[in-house]
1. Residues in region 10-26 that are in contact with a Ser or Thr (Cβ under 9 Å, 6 or more places away or on another chain) and either over 21 Å from residue 360 (Cα atoms) or not in a loop (DSSP other than H, G, I, E, B) (or both): how many?
2. List every residue pair whose Cβ atoms sit under 9 Å apart, with the two residues 6 or more apart in sequence or on different chains, where the first one lies in region 256-284 and is touching a residue at least 60 places away in the same chain (Cβ under 8 Å) and the second, anywhere, is among the acidic types (Asp, Glu) and open to solvent by 40 Å² or more (accessible area, probe 1.4 Å).
3. From 367, 381, 398, grab the single residue that is of a type in the set (Val, Ile, Thr) and within 29 Å of residue 93 (Cα to Cα).
4. Condition (residue is open to solvent by 30 Å² or more (accessible area, probe 1.4 Å) and assigned to a helix (DSSP H, G or I)) applied to region 306-319: is it met by at least one residue?
5. Residues that are of a type in the set (Val, Ile, Thr), open to solvent by less than 20 Å² (accessible area, probe 1.4 Å) and over 30 Å from residue 392 (Cβ atoms): does region 252-265 have at least one?
6. Within region 329-351, how many residues turn out to be outside any helix (DSSP H, G or I), more than 29 Å from residue 156 (Cα to Cα) and open to solvent by 40 Å² or more (accessible area, probe 1.4 Å)?
7. Taking region 35-56, which residues are in a loop (DSSP other than H, G, I, E, B), open to solvent by 50 Å² or more (accessible area, probe 1.4 Å) and among the charged types (D, E, K, R)?
8. Out of all the residues in region 357-388, which are surrounded by 14 or more Cβ atoms within 10 Å (Cβ to Cβ) and in a helix (DSSP H, G or I)?
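The values are calculated or read from the model by the stated rules, or taken from the named source; none is laboratory data. Computed from a prediction, not measured in an experiment: that's the story for all the values here. Cβ coordinates were reconstructed from backbone atoms using ideal geometry, including for glycine residues, and neighbour counts include every protein chain displayed. Just so you know, the surface numbers come from the protein's heavy atoms only, side chains and all, with ligands and any DNA or RNA stripped out. Shrake-Rupley method; radii C 1.70, N 1.55, O 1.52, S 1.80 Å.
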Amino acid sequence: MQQNDIHLAIIGLGYVGLPLAVEFGRKRKVLGFDIRKDRIDQLKGGYDQTLELTQAELQSSINLTFTTQAADLRHCNCFIITVPTPIDAHNRPDLQPLLLASETVARALKPGDIVIYESTVYPGATEEDCVPVLEKISGLRFNQDFFCGYSPERINPGDKTHRVNNIKKITSGSTPETAQRVDRLYQEIITAGTHLAESIKVAEAAKVIENTQRDINIALINELAIILNKMGIDTEAVLNAAGSKWNFLPFRPGLVGGHCVGVDPYYLAHKAQAIGYHPEIILAGRRLNNSMGSHVAAQLVIAMTKRRIHVENARILIMGLTFKENCTDVRNTRVVDIVTALKQFNCNVDVYDPWVIEGEAQLYYDISPIADPSPGSYDAIVVAVAHDQFKSMGVNAIRNLGKSESVVYDLKYVLCAEESDLRL
């Protein structure tokens, strides 16, 4: 397959697939496929509800078309799969979306075609889990009739600086020739360059350790924050002092959620356990980071009690629900852990987040965010996400949401140390 002969399809048009499809659509003809009709209808109308792309950016991708019809994929010969890879209720990898996408592509697969996966998986998943699905349904033979590549996504939702085209891209292929084709394909749009990995498994492992490393580093800082708080020492002041050394890593404490950092370590741990190794540090980091929501709620309750604010039936405002600032994504947000813990104290909790897509908080967490918090209504306020809207409010506007005697807990250093009552 020559470069000019590639007829490209992107499978899954979420936070990863859509920006990728738009970039390729500026260079070559691309078919964007998603099973959600409402999503396709919005994109055809020039609207991206995730707010990752503007109408102008969508319209600039002049070679991009959209479809929900799997039959349309038969006109393509190169498929990039960008569907989510979540975890289940027991923190085990859930490959169902990936395997279903593989089935869809397999029905369109022809001799000579290439299937590239971008979804985060554990090492070996592409060749051990996905390829058998492609072979079974298509009737074709791997590395004889069709070929595979793996190029892990590095999308950072909400980040308008680090975009798909200016983040270096790892590429790989199931044969040396396929690897070169995959690499050349991505070089069309990646201005930051590519890194051609030695194998698909190397590329898969590189992806999961990127976020596992970050998770463990944040876990360390979270533990230090707990210790420093117990000693009455301001964590940010300590981190700023330590950061004066050239090689100190600038991590900050906080909740660790989202579809990458809070998920990928479980994929690596799952594979490690499957081969007979129990990963101590990885899972310890996950346990600590997953406990932070309960820790925040407990700290808040203690602070309220010290001020003789009655905890039961107290009104508490949580500012922010998405997993990170200036982003619509609520998947695996750990802010929900604070909400759950406070409700166990019989508190009345309101969640306010102007970034949340209507209906998604209800769908995922049975939470209905309020449209606008009423001033003077709350016994406690938790600034959980550092949205620009919250930063621009300032301390007076935030405190005015509370009653005359109330507690403000700033998780994200939106306020100065002296302006909040509690900080991580």
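1. Total satisfying the criteria: 11.
2. Short answer, once both residue conditions are applied: 260/210; 264/210.
3. Just one listed residue meets the conditions, 367.
4. Yes - at least one qualifying residue is present in region 306-319.
5. yes
6. The number of residues fulfilling the criteria is 3.
7. Selection gives 36 alone.
8. Across region 357-388, the qualifying residues are 360, 361, 364, 365.
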